[in-house]
Amino acid sequence: MNALTWRLVLGMSRLARGLHVIGPQLVRVDDPFSNTDHILDLGGGGEGVIGQLRGEQVTAVDIRQEELDEAPDGPAKVVADARELPFADGSFDAATAFFFLMYVPNRDRSTVLQEAHRILRPGGRLHIWDVAIPAPETHSRRTFVVPVRAVLPDRAVRTLYGVRWEGRSMSSESVLHIAEEAGFAAVAHEMSDACFHIELTRPAA
């Protein structure tokens, strides 16, 4: 759902009793890439934050064509399921997941990270920015919403991310665990309020 739609939803939040909205989150996206990196952006539709950061170096994949249509021009755009990516082994120098794993059900996150590991070259890096999602406390709140201000080196992007809450609980520790099971090694792990940034590498053989 795009930012304008979410603003309308939040504007009616007193009526929309099913929303659980956490406080606004400031997320700094320092540019960790070189000018030669070929970058796969998982869930890169909508605001396309990584596409705004690195333009034509990015291949944005999303399961929904309409999300890719909303994303800014620059990146290549591919409709694909992150559980079964249409790319050869070792095709990319880097991969990103910017507030994407929150949309992946718990049962599928391991498969998604295994695919991310597969498409990275040895020594390639995976960067994950996301939010810690607790288990739902009540059945009356069905949607978890996080307002985000993403600060890039040359601009800031304001948006909101919202997802069906059931089956989406997540912590940085749980993501690290399944990433390591998929074959990644942790490079960095940072928390900022409710959000986190994890840098992983596919170890060289």
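Worth pointing out:
- For region 104-143, there are no residues whose amide N sits under 12 Å from a probe point set 7 Å from the Cα of R155 along the beta carbon direction.
- Counted residue by residue at 0.36 nm each, then reduced by the alpha carbon distance between them, the extension gain from E180 to E137 reaches 12.6 nm.
- Full extension of the chain between E190 and A88 gives 33.7 nm of extra length, using 0.36 nm per residue less the Cα-Cα distance.
- When the alpha carbon gyration tensor of region 90-187 is reduced to an equivalent ellipsoid, the three semi-axes, largest first, read 25, 19, 10 Å.
- Distance between the 7 Å Cα→Cβ label points at L26 and E56: 3.5 nm.
- Residue order, fewest to most beta carbons within 10 Å, for L26, L68: L26, L68
- Cα long-axis angle, helix 172-181 against the chain (0 to 90 degrees, to the nearest 10): 30 degrees
- Separation of the I63 and A205 label points, Cα + 7 Å toward Cβ, nm: 3.2 nm
- GluC sites (Glu not before Pro) restricted to region 53-153 and DSSP loop, no more than 14 other C-beta within 10 Å: E84, E137
- Whole-Å distance, taken between Cα centres, linking region 47-69 and region 99-133: 16 Å
- Pairs of alpha carbons in the chain whose separation is greater than 30 Å (percent): 16 percent
- Förster radius 35 Å - calculated FRET efficiency between R121 and S171 (Cβ-Cβ, nearest 0.05): 0.75
- Rounded to 5, the percent of DSSP beta bridges in region 50-205 classed as antiparallel: 70 percent
No value in this document is a laboratory result; all are computed from the given coordinates. Owing to the predicted nature of the structure, the values given are computational and were not obtained by experimental measurement. Neighbour counts run over all protein chains shown; Cβ positions are idealised from the backbone, glycine included.
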